[in-house]
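See below for the structure under consideration.
No value in this document is a laboratory result; all are computed from the given coordinates. All values reported here derive from a predicted model rather than from experimental measurement. Glycine gets a Cβ as well: all are built from the backbone with ideal geometry, and neighbour counts include every protein chain shown.
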Amino acid sequence: MWREKENLLRSVPGVGPVTATTLLAELPELGHLDRKKIASLVGVASFNCDSGKKRGKRSIWGGRASVRNALYMASLSAKRHNKVIKEMYDRLILMGKPAKVALVACMRKLLTILNAMMHAGKSWQPDLASSKLTVAL
């Protein structure tokens, strides 16, 4: 059972053995929660720092640091080798977003894709990953 899940995760370009093992060991909720809850659990969901009329910066914090670190490294690799993540990263950079902000957005996108794949039990399909099907979870 674990080997099947690992092969499923490793079918995504950018996800290697360390990332797959970390996700399986430290994030058993993968595939069982919706995209907002899983992003918050990992710590890649942005939270506001507002008070009254003051609008602060949004930032990520909390969550499971070891999973977030593995996802960061996977996103660095995916932005070079995964067409879906690369297009998203390039689009955000062209919009003027800072590189770290764009990378965190890619981390969240990659996590959403992995969550949807685990939920459906299907391997990597780039045409489905770029569509709105991953948003449903």
Neighbour-limited loop hits for GluC sites (Glu not before Pro), region 1-101 (at most 16 other Cβ within 10 Å; DSSP other than H, G, I, E, B): GLU29
FRET efficiency, LYS122 to SER46 (Cβ-Cβ, R0 41 Å, nearest 0.05): 0.90
Gain in span if fully extended, ASP90 to SER77, counting 0.36 nm per residue against the direct Cα distance: 3.3 nm
Modelled FRET efficiency - R0 22 Å, MET1 with ALA65, Cβ distances, 0.05 increments: 0.25
Listed residue pairs exceeding 21 Å between alpha carbons, taken from LYS57/LYS83; LYS83/LYS122; LYS5/LYS109; LYS53/LYS109: LYS57/LYS83; LYS53/LYS109
